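Quick notes on the structure that follows.
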Amino acid sequence: MSSQLILLLVWSLFDFGECLEMIKVILVAGARPNFMKIAPILREIKKHKTVEALIVHTGQHYDHEMSDSFFDDLEIKKPDYNLLCGGGTHAEQTAKVMVGFEKICMETKPDFVLVVGDVNSTIAAGLVAKKLQIKLIHVEAGLRSYDRNMPEEINRLATDAITDIFFTTEEHGTKNLINEGQHITKIHFVGHVMIDNLFFQIKKLQKHEPSKFVKNIKQALPEKYFCMTMHRPSNVDNRLTLKKMLTALQNISKKAPIIFPCHPRTHKKIKEFELEYLFDVYKDQNKVDKGIIITEPLGYNDFLYLWKDCAGMLTDSGGLQEETTALNIPCLTLRENTERPITVSIGTNCLVGPDTDLLKKEAKNILLGRFKTGAIPDLWDGKASERILRVIKGSM
Ligand code: UD1
């Protein structure tokens with residue numbers, strides 16, 4: 001056997017040149033939008049013998065439908081640690097995560113801590129990692145709304161100020177980081193893990209039955225209906241703002257019903273402000289032709305089963321602006337700005353902010369088929385996690 005052939009054989013035994021040293025990565029997730037971002041990365045890690053993943057759930061979100069149901073739906077292994085840090089003020093939440101997470105890092109000594117998105121758990125875990133001199137990876141880095149009234153913007157800025165490896169979802173993210181002085185060699189434009197997950201779950205839906213509850217609602221809905229989510233403090237924490245928004249939405253729902261799985265924060269506010277009268281509840285009726293139908297928060301697959309066929313999405317969520325763009329579904333964003341501008345410039349997103357006249361006008365356009373169509377952003381192709389793993393392995 002020639003020496004070249006022997007070399008090739010040895011090489012292939014070791015996973016085609018994969019570094020032999022084990023790489024230990026802690027993936028941190030705390031709030032609902034984090035779970036779908038770590039899921040595809042975990043699926044990808046499973047393919048690599050030399051990478052070990054530990055999952056730390058900070059417990060920022062803790063209700064079954066906001067947390068555990070996602071682990072089942074997304075097929076993520078149960079967290080290795082749960083810090084149970086839900087509720088409280090921003091400082092309390094952040095501090096609790098830091099204290100708990102520091103102990104885990106000191107005990108497990110990871111090579112990398114990987115954080116996603118922009119929630120309080122993201123910055124809390126990031127600070128701990130950096131002070132212990134563990135390399136910090138930020139997935140979905142560089143996004144900026146330029147609105148410092150949003151707690152998420154502070155979390156994004158602070159996390160990116162201390163990150164070692166940045167993974168961006170769109171070119172704006174890369175540009176923002178460069179403008180803030182980050183070196184180009186630390187930034188990797190890889191596409192979007194959220195879209196990896198979306199494509200994976202869409203395929204799964206063809207085989208998996210949704211819950212009886214959402215199946216019944218779907219059957220009762222007309223061809224054209226809206227889906228909605230709303231939980232931002234700027235929309236829900238003030239009675240007048242919330243009432244004005246809901247009244248406009250109720251007006252829209254006379255033409256096409258709106259399905260609204262309600263976030264716990266919004267639910268508390270609706271009760272406190274006595275606005276329950278603006279909603280309908282689904283009670284096994286055969287037909288739902290109007291009204292805002294309020295439900296408990298839904299699991300990932302159940303909500304996807306409903307929104308993938310809706311005429312339009314009404315939302316203040318970050319992720320749904322992107323997911324609707326990926327499926328070419330019209331999206332009216334109930335915010336004045338977005339940190340995900342590509343969804344507006346080339347996708348199906350339209351910012352309506354607090355302008356309820358614009359909201360009604362654009363909702364009408366959607367129902368009349370007059371809304372813009374979009375294109376899929378670069379690298380939103382379901383392969384972002386693959387690219388991320390390649391970079392992580394090359395960084396050891
Ligand atoms: C958080 C994120 C936000 C993200 C959202 C997604 C921050 C600063 N904000 O906002 O970026 O878009 O998650 O949902 O990190 N609650 C429950 N049950 C739960 C979770 C929360 O009752 O499972 C209650 C909390 O006790 C609190 C309220 O909902 O009263 C808000 O929760 P919190 O995690 O502080 O912020 P979110 O509004 O969920």
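Could you give every pair whose Cβ atoms fall below 6 Å, whose first residue belongs to region 52-81 and is in contact (Cβ under 8 Å) with a residue 60 or more places away in the chain and of a type in the set (Ser, Thr, Tyr), and whose second residue is surrounded by 18 or more Cβ atoms within 10 Å (Cβ to Cβ) and not in a strand (DSSP E or B), counting only separations of at least 6 or pairs across chains?
Partner pairs satisfying both residue conditions: Thr58/Gly30; Thr58/Leu83; Thr58/Cys85; Thr58/Val97; Thr58/Ser121; Ser69/Gly299.
Output yes when any residue across region 248-261 is open to solvent by 20 Å² or more (accessible area, probe 1.4 Å), touching a Gly at 6+ places or on another chain (Cβ under 9 Å) and in a helix (DSSP H, G or I), and no when none is.
For region 248-261, residues open to solvent by 20 Å² or more (accessible area, probe 1.4 Å), touching a Gly at 6+ places or on another chain (Cβ under 9 Å) and in a helix (DSSP H, G or I): present.
If you go through region 307-335, how many residues are under 17 Å from Thr356 (Cβ atoms) and in a loop (DSSP other than H, G, I, E, B)?
3
Inside region 119-131, can you point out the residues that are among the aliphatic types (A, V, I, L, M), crowded, with 22+ Cβ neighbours inside 10 Å and within 15 Å of the ligand (Cβ to nearest atom)? Can you show your working first?
From region 119-131, those among the aliphatic types (A, V, I, L, M) are 119, 123-125, 127-129; that's our starting set.
Then drop every residue that is not crowded, with 22+ Cβ neighbours inside 10 Å, which leaves 119, 123-125, 128-129.
Correct list: Val119, Ile123, Ala124, Ala125.
State all residues of region 132-157 that are farther than 18 Å from Val56 by Cα, more than 12 Å from the ligand (Cβ to nearest atom) and not in a loop (DSSP other than H, G, I, E, B); if no residue qualifies, say none.
Leu157
Is there a residue being more than 16 Å from the ligand (Cβ to nearest atom), hydroxyl-bearing (Ser, Thr, Tyr) and either assigned by TED's automatic domain parsing to the domain that holds Ser145 or touching a Gly at 6+ places or on another chain (Cβ under 7 Å) (or both) anywhere in region 296-316?
No: zero hits.
Six or more apart or on different chains, Cβ under 7 Å: which pairs go from a residue in region 248-275 that's not assigned by TED's automatic domain parsing to the domain that holds Thr356 to one that's away from the ligand (no atom under 11 Å from the Cβ) and among the hydroxyl-bearing types (Ser, Thr, Tyr)? Could you list them?
none
Starting from region 104-115, keep only residues that are assigned by TED's automatic domain parsing to the domain that holds Lys24, then list their pairs with residues that are assigned to a loop (DSSP other than H, G, I, E, B) and not β-branched (Val, Ile, Thr) whose Cβ atoms are within a distance under 6 Å, requiring at least 6 positions of separation or different chains.
If the second residue must be assigned to a loop (DSSP other than H, G, I, E, B) and not β-branched (Val, Ile, Thr), the pairs left are Cys105/Leu132.
Please go through region 210-220 and give me each residue that is of a type in the set (A, V, I, L, M) and within 25 Å of Asp72 (Cβ to Cβ), ordered by number.
Val214, Ile217
Being at negative phi, without any contact (Cβ under 8 Å) to a residue 60 or more places away in the chain and either aliphatic (A, V, I, L, M) or surrounded by fewer than 13 Cβ atoms within 10 Å (Cβ to Cβ) (or both) is the filter here; which residues of region 82-101 pass it?
Let us first name the residues in region 82-101 that are at negative phi, namely 82-83, 85-86, 89-101.
Still in the list and also without any contact (Cβ under 8 Å) to a residue 60 or more places away in the chain: 82-83, 85-86, 89, 91-96, 98-100.
Within region 82-101, Leu83, Thr89, Ala91, Glu92, Ala95, Met98, Val99 qualify.
Out of all the residues in region 91-111, is one or more in a loop (DSSP other than H, G, I, E, B), more than 20 Å from Met194 (Cβ to Cβ) and within 16 Å of the ligand (Cβ to nearest atom)?
no
I'm trying to understand the selection: among the residues of region 55-75, which are open to solvent by 20 Å² or more (accessible area, probe 1.4 Å) and either under 20 Å from Asn120 (Cβ atoms) or within 9 Å of the ligand (Cβ to nearest atom) (or both)?
Result: Gln60, His61, Tyr62, Asp63, His64, Glu65, Asp68.
Name the single residue, out of those in region 196-237 being β-branched (Val, Ile, Thr) and part of a helix (DSSP H, G or I), that is surrounded by the fewest Cβ atoms within 10 Å (Cβ to Cβ).
Ile202
Which residues, counting only those in region 252-287, are more than 16 Å from the ligand (Cβ to nearest atom) and in contact with a strand residue (DSSP E or B) (Cβ under 8 Å, 6 or more places away or on another chain)?
Ile252, Ser253, Ala256, Pro257, Ile258, Ile259, Leu278, Phe279, Asp280, Val281, Tyr282
The values are calculated or read from the model by the stated rules, or taken from the named source; none is laboratory data. Please read all numbers here as calculations on a predicted model, not as lab measurements. Positions of Cβ are backbone-derived with ideal geometry, glycine not excepted, and every protein chain shown enters the neighbour counts. Please note that ligands, DNA and RNA were not included when accessible areas were found on the heavy atoms of the full protein model with its side chains. Shrake-Rupley method; radii C 1.70, N 1.55, O 1.52, S 1.80 Å.
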